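Following: one structure in structure tokens, then a few remarks.
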Amino acid sequence: MSPAVLAPARPDRSWIDEAVRRIEADYNRSADTHLVPVPMPAFPGIHLYLKDESSHPTGSLKHRLARSLFLYALCNGRIGPGTTIVEASSGSTAVSEAYFARMLGLPFVAVVPRNTAAEKIEAIAFHGGRSHFVDRPGDAYGEAERLARELGGVYLDQFTYAERATDWRGNNNIAESIYAQMAKEPHPIPAWVVCGAGTGGTSATIGRFVRYRRLATQLCVADPAGSVFHRHWADRSITELESCGSRIEGIGRARVEPSFLPDLVDEMIAVADPQSVAAARLLSERLGRRCGGSTGTNLWACATIAARMAAAGQTGSIVSILCDDGNRYASTYFDDAWLATAGIDPTGPRAELAERLGW
Ligand SMILES: *Cc1c(COP(=O)(O)O)cnc(C)c1O
């Protein structure tokens, strides 16, 4: 008998079993998010739907991502009892990850840009997480990696792992859920699905799913005008900008994130911040509750596509995403004084969009 080789300490399997059980039980207790029809009187033959991701327990589509990232890291043996979880996040991912970290009894640290909305910092703290500030958004990645090393923790790294942590073939991912909920609509296979890109994970999941299921849907990514993603999509040699310049949180980046997969995207529409804010505010009034800025970016692109379809005499459906709850932006997009300071005037785009949609 040869002596046993001593391996470095690994997390106890019974601890991992319990951690996975807790995450799966949370999922099992949750209902699916609603698919909300949004009438566009100007386009009677075109049906718009928004997948309401604000109704997750942590208020945004990042609830799905956080669940996937924790399960991926647990099942890869990277997390054990007492592991400090670190993430580079402009807010929403951190809020959702703080929720799951607390569920597993793990400390959580978010590395966030200093100008992140105060409501998001409070939401991270509410779920038991701590925020660690960096001055420049681009410094968050390196600082998160360094901090995780220093604390003997794990950097979940949403920007690298978003595209692979989600089961793109199904497992009730956002795409599978959308198509199931569309089944009894007049046009059950959407002509277009429109989403934003922050990590790029959502667009990767949808783009893979439509190919795998052989669906005729096209994928449009709505991108802030200052973001690098649409420039990279048009010319792959462009991979980084000096800064993003957009104030729309959650989407638009200065560097092309590894989880953004341009080959899966059929069209990109650049949307200026005043257009995104105008659309978010107009939609919030229509729905009777607030939605965030990136939802406005999506709506602006949906209106562009709807107008084009109508002009070509086409009918069909468009599905997009209500990404998060607008109450997180009470002191920013919904505050006129803040908008004035930020140099964002939504007046013109608001009138344009209202007229275009017949609102
Ligand atoms: C992350 C995020 C997005 C984009 O989703 P990804 O899957 O990361 O590309 C859109 N809106 C909000 C509010 C987000 O937080």
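Just so you know, all these numbers are worked out from the coordinates, no wet-lab data involved. On a predicted model such as this, the values are computed, not experimentally measured, just so you know. Cβ coordinates were reconstructed from backbone atoms using ideal geometry, including for glycine residues, and neighbour counts include every protein chain displayed.
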Using Cα springs under 10 Å in a Gaussian network model of the chain, which residue among 313, 196, 45 shows the largest mean-square fluctuation? 313
Measuring from its Cα centre, the chain shows a charge dipole (+1 at each Lys and Arg Cβ, -1 at each Asp and Glu Cβ) which, in debye to the nearest 20, is 700 debye
Which of 270, 280, 197 ends up with the largest GNM mean-square fluctuation for the chain, with Cα atoms connected below 10 Å? 270
Over all alpha-carbon pairs in region 167-210, figure out the percentage whose distance exceeds 17 Å. 32 percent
Quick check on the chain: helices-only [θ] at 222 nm, where DSSP H runs of length 4 and up contribute -39,500 (n - 2.57) each and the sum goes over total residues. Nearest 500, please. -13000 deg cm²/dmol
Residue 103 paired with residue 243, simple spin-label distance in nm, labels 7 Å along Cα-to-beta-carbon: 3.6 nm
Arranged by the count of other C-beta atoms within 10 angstrom, fewest first, what order do 56, 132 take? 132, 56
Based on the Cα gyration tensor of the chain, what are the three equivalent ellipsoid semi-axes, each the root of five times an eigenvalue, rounded to whole Å and given largest first? 35, 23, 19
With Rh as the Kirkwood radius over Cα pairs, region 63-162 has Rg/Rh of 0.92
Where does the charge balance sit around residue 148 when Lys and Arg score +1, Asp and Glu -1, over other residues with C-beta under 10 Å from its C-beta? -3
Considering only the chain, what is the antiparallel percent among its DSSP beta bridges, to the nearest 5? 20 percent
Based on alpha-carbon centroids, what's the gap between region 235-288 and region 20-80 in Å, whole number please? 20 Å
Could you give P(r) for region 218-359, binned at 10 Å from zero, as whole percent values over all Cα-Cα pairs? 12, 41, 35, 13, 0
Using θ = phi - 60° and the Karplus form 6.51 cos²θ - 1.76 cosθ + 1.60, what ³J(HN,Hα) does each residue of region 71-88 get, whole Hz, x for Gly and Pro? 5, 5, 5, 5, 6, 9, x, 8, 10, x, x, x, 5, 6, 9, 10, 9, 9
Under 5 Å between amide hydrogens, which residues at least 5 positions from residue 218 or on another chain qualify, with H placed 1.01 Å from N in the peptide plane? 192, 193
For the chain, with a Gaussian network of springs between Cα atoms less than 10 Å apart, report the residue from 288, 250, 226 with the top mean-square fluctuation. 288
Express in whole angstrom the spacing between the alpha-carbon centres of region 292-359 and region 82-147. 28 Å
When DSSP beta bridges are limited to those with both residues in region 27-172, what percentage is antiparallel, rounded to the nearest 5? 25 percent
List, largest first, the extents of the alpha carbons of region 289-340 along their principal axes, each in whole Å. 42, 21, 14
